[in-house]
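S.K.: Can you read through this structure? Questions will come right after.
The values are calculated or read from the model by the stated rules, or taken from the named source; none is laboratory data. Note that the coordinates shown come from a computational prediction; the quantities given were computed from them, not determined experimentally. No Cβ is skipped: glycine too gets one built from the backbone with ideal geometry, and neighbour counts run over all protein chains shown. Calculation scope for accessible area: heavy atoms of the full protein, side chains included, ligands and nucleic acids excluded. Shrake-Rupley method; radii C 1.70, N 1.55, O 1.52, S 1.80 Å.
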Amino acid sequence: MRAMWRIALACLLASAPALASPTIIKAAHVIDGVSDRARDGVAVLVDGDAIVALGTAAELTAKAPGARLIDLGAATLLPGMIDAHTHVFLNDDVGPGVYDAILLKHSAPYRAIEAVANARTALMYGFTALRDLETEGAMYADVDVRNAIARGVVPGPRMQVATRAFAPTGMYPLRGGYNWELELPIGVQTIDGPDQARKAVREQVSFGADWIKFYADHGVYEGRPDRPVRSIVNFTPAEAAAIVDKAHRLGVKVAAHANGWDGIDSALRAGVDSIEHGQGITDDLATRMIAQNVTWCPTMMAYQYAVKKLGTDPRSWMAAHHKAALARAHKRGVRIAFGTDAGAFPWSMNPAAEAKLMVDAGMPAIAVIRSVTSAAGALLDPLCRPGAKACAKSELGEIAPGKRADLIAVAGNPLQDITELERVTWVMKGGAVYKSPAP
């Protein structure tokens, strides 16, 4: 028995990337996630999980004479990408009956195994961190996936998770017209009233939620030109305020699914930290988002995938408004974090394709790169409590001393061709190399 355990441990260690300390990474160009342009002739010194210094390769070699050198040649080095809206417990839920079948036919253990595979796929794409916004019926299994990755049991991105999400009674059912006598699974935690809201937040946080998510609206419909995307608000003002207030008291941020103007307005009044999807963002809402320091995750890719797969989609009319809202919000200065809703589309599709959609909508390539690095990293910062002497940071999304050693490389220049982000050739997370160019 002891021999078997030794063999298993040896296999596990052999499959885990080795931590090389210290290491110098050299590439022709560096995009640090903050600056407006690439820098040439700059190398990065990594020790363990952290970036220690930047400088020429010669300077860093003198600083750390025994360091191992990784020479990436003509490549461009960037911070590891961050997808701030994913669902690793899904792998395409678009189409009649597809979502229902996931909840009715697949056990939570099976879905956790699939989630581990999806997380590894994300890492190989170059996403070194994810904010995963609910398990869609798999309860708190995302906490287990997050912890298994953090402990080195399985490879994957750093994860912040939202566990179950909230909707009021009747607003998130399976839609197969099932017998009302059956007790069916549901993709969210149902809450009604402020007291239930506060209790449910306490429960989710106690089981490991890094974020709280609630569905602020449903039933989008076309409105007048000044507010073209409207919706039906799910929660009363008291319920939404209770969710946010209790989460913030517990030191946890809140994300709101909100498509239409009405849902976004309701979520902003409640004091959320991020708006998800946001097709109905107008100039007045953008102004409020800036004043309240609220981040937007547009998730354009998921909605375009639905139209492509189905040929037609009842929500396809929102596409033009989505694109226009992104252009306006960027120009006004709304903080936009890269988020794709990956899992709503299959993980065989690289979520980095969202970047091209953002550029096509009017965002400059460097702004999109910041959205998938430093802006998303700032969204993952822990909640800063009012009056705090100092605020903790995620230390993600930037190439600078003291930041996490999460780095990727692409062969070309993403400032000239943003689709280079879809062709990541080299991945480092936490100082360990997980992907290298083919020899």
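S.K.: Where the second residue is crowded, with 24+ Cβ neighbours inside 10 Å and not in a loop (DSSP other than H, G, I, E, B) and the first is hydroxyl-bearing (Ser, Thr, Tyr) and lies in segment 70-90, which pairs have Cβ atoms under 6 Å and are six or more apart or on separate chains?
M.R.: Correct list of pairs: 76/410; 86/130; 86/132; 86/342.
S.K.: Oh, and also: In segment 107-133, which residues are farther than 24 Å from residue 254 by Cα and of a type in the set (Val, Ile, Thr)?
M.R.: 113, 116, 121
S.K.: Out of all the residues in segment 370-388, is one or more farther than 23 Å from residue 256 by Cα and touching a residue at least 40 places away in the same chain (Cβ under 8 Å)?
M.R.: No: segment 370-388 contains no residue that is farther than 23 Å from residue 256 by Cα and touching a residue at least 40 places away in the same chain (Cβ under 8 Å).
S.K.: Report, by residue number, each residue of segment 331-358 that is buried (at least 19 other Cβ atoms within 10 Å of the Cβ) and of a type in the set (D, E, K, R).
M.R.: Within segment 331-358, 335, 341, 354 meet the criteria.
S.K.: What are the residue pairs meeting all of these: first residue in segment 31-57, first residue closer than 11 Å to residue 403 by Cβ, second residue in a loop (DSSP other than H, G, I, E, B) and among the hydroxyl-bearing types (Ser, Thr, Tyr), Cβ atoms under 9 Å, and 6 or more apart or on different chains?
M.R.: That search, which allows pairs on different chains as well, returns 32/373; 33/373; 34/373; 46/21.
S.K.: Go through the residues of segment 163-175 one by one and say whether even a single one is touching a Lys or Arg at 6+ places or on another chain (Cβ under 9 Å) and under 30 Å from residue 421 (Cα atoms).
M.R.: Within segment 163-175, one or more residues are touching a Lys or Arg at 6+ places or on another chain (Cβ under 9 Å) and under 30 Å from residue 421 (Cα atoms).
S.K.: Which fully enclosed helices (runs of 4 or more DSSP H) of segment 327-439 have 1 or more residues being in contact with a helix residue (DSSP H, G or I) (Cβ under 7 Å, 6 or more places away or on another chain) and farther than 19 Å from residue 159 by Cβ? Quick ask: steps written out before the conclusion?
M.R.: Working: elements: 354-360, 365-371, 374-379.
Result: 354-360, 365-371.
S.K.: Those residues that are open to solvent by 10 Å² or more (accessible area, probe 1.4 Å) and part of a helix (DSSP H, G or I), I need them from segment 274-301; list them, please.
M.R.: Listed by number, the residues that qualify are 283, 284, 287, 288, 290, 291, 292, 301.
S.K.: Which residues, counting only those in segment 166-187, are open to solvent by 10 Å² or more (accessible area, probe 1.4 Å) and hydrophobic (A, V, I, L, M, F, W, C)?
M.R.: Answer for segment 166-187, where residues must be open to solvent by 10 Å² or more (accessible area, probe 1.4 Å) and hydrophobic (A, V, I, L, M, F, W, C): 171, 174, 180, 182, 184, 186.
S.K.: Any chance segment 142-165 includes a residue that's closer than 30 Å to residue 374 by Cα, crowded, with 20+ Cβ neighbours inside 10 Å and acidic (Asp, Glu)?
M.R.: Looking for residues that are closer than 30 Å to residue 374 by Cα, crowded, with 20+ Cβ neighbours inside 10 Å and acidic (Asp, Glu), one finds at least one in segment 142-165, hence yes.
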